[in-house]
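Presented below is the structure to which this report refers.
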Amino acid sequence: MLTLQGKHMYLRALEPEDLDLIYTIENDESIWELSSTQTPYSRYLIKQYLENAHKDIYEVKQLRLVIANENHESIGLVDLFDCDFKNKRAGIGILIYSKSDRQQGYGNEALKLLMSYAKMHLDLHQLFCNISEDNIMSLNLFESNGFIKIGLKKDWNYVNGSYKNEYFLQRIFN
């Protein structure tokens with residue numbers, strides 16, 4: 001699908017072979033704050049999730065795609081979540097897992113591809129995201145792609161013994 005193909009990476013559907021990647025990401029406590037996860041996931045649960053990943057976005061109200069680089073290595077995930085097709089909006093999240101793959105343009109390209117897909121194929125009017133106030137790289141990424149901070153949620157997330165503020169950003173398509 002050309003919509004999901006970029007210059008240096010592409011987005012693809014989840015495959016059974018992604019079990020180890022998803023297991024590693026979902027059980028990495030250092031990034032749990034990004035998804036409000038508090039408990040680990042078993043391989044069994046992730047296998048069940050992958051077996052159901054083919055379900056239609058209109059049924060499950062979410063879409064998770066793998067970010068793969070030009071060497072066909074899986075380097076991260078992008079998600080559309082809380083899809084509300086009546087109001088034509090969805091949440092969006094991006095994770096480039098390996099620190100060595102960050103700041104290489106993959107997140108920017110993945111965001112552009114998913115925004116295009118959401119607008120062209122899902123007919124969405126807007127996307128939104130929630131980003132911790134101290135996640136400067138993500139804030140810069142989303143703001144450089146037309147997302148606007150529309151609110152600051154004070155003391156929103158309790159992380160490692162203290163509260164963090166979180167921005168709510170929105171991108172409305174013309």
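A short reminder: the numbers here are calculations on the coordinates, not readings from a lab. What you are looking at is a predicted structure, and each value in this text was computed from that prediction instead of being measured. Cβ: placed from backbone, ideal geometry, glycine included. Neighbour counts: every protein chain shown.
Some points to look at:
- Entry note, the chain: relative contact order of 18 percent, from Cα contacts under 8 Å with a spacing of 6+ residues.
- Local electrostatic count at Glu26 - Lys and Arg +1, Asp and Glu -1, tallied over other residues with Cβ under 15 Å: -3
- Electrostatic bookkeeping for Lys154 treats Lys and Arg as +1 and Asp and Glu as -1; over the other residues with beta carbon under 12 Å from its beta carbon, the sum is -1.
- Count of lysine pairs in region 38-151 with Cα separation under 26 Å (8 or more residues apart, or interchain): 22
- Taking a ≥ b ≥ c as the square roots of the eigenvalues of the alpha carbon gyration tensor, region 58-165 is oblate, as a/c is not under 1.5 and a/b does not beat b/c.
- Candidates Met9, Gly161, Cys129 compared by Cα position along the dipole of the chain: farthest toward the positive end lies Cys129, with charges placed on Cβ.
- Size of charge dipole - the chain - debye, nearest 20, with Cβ of Lys, Arg +1 and Asp, Glu -1, no other charges: 620
- Rounded if a/c under 1.5, otherwise prolate or oblate - region 7-77, Cα gyration tensor axes: oblate
- Think of it as helices only: each DSSP H run of n ≥ 4 in the chain is worth -39500 (n - 2.57), and spread over all residues that comes to -7500 deg cm²/dmol at 222 nm.
- A simple count of charges around Leu95, restricted to other residues whose Cβ falls under 13 Å of its Cβ and scoring Lys, Arg +1 and Asp, Glu -1, yields -2.
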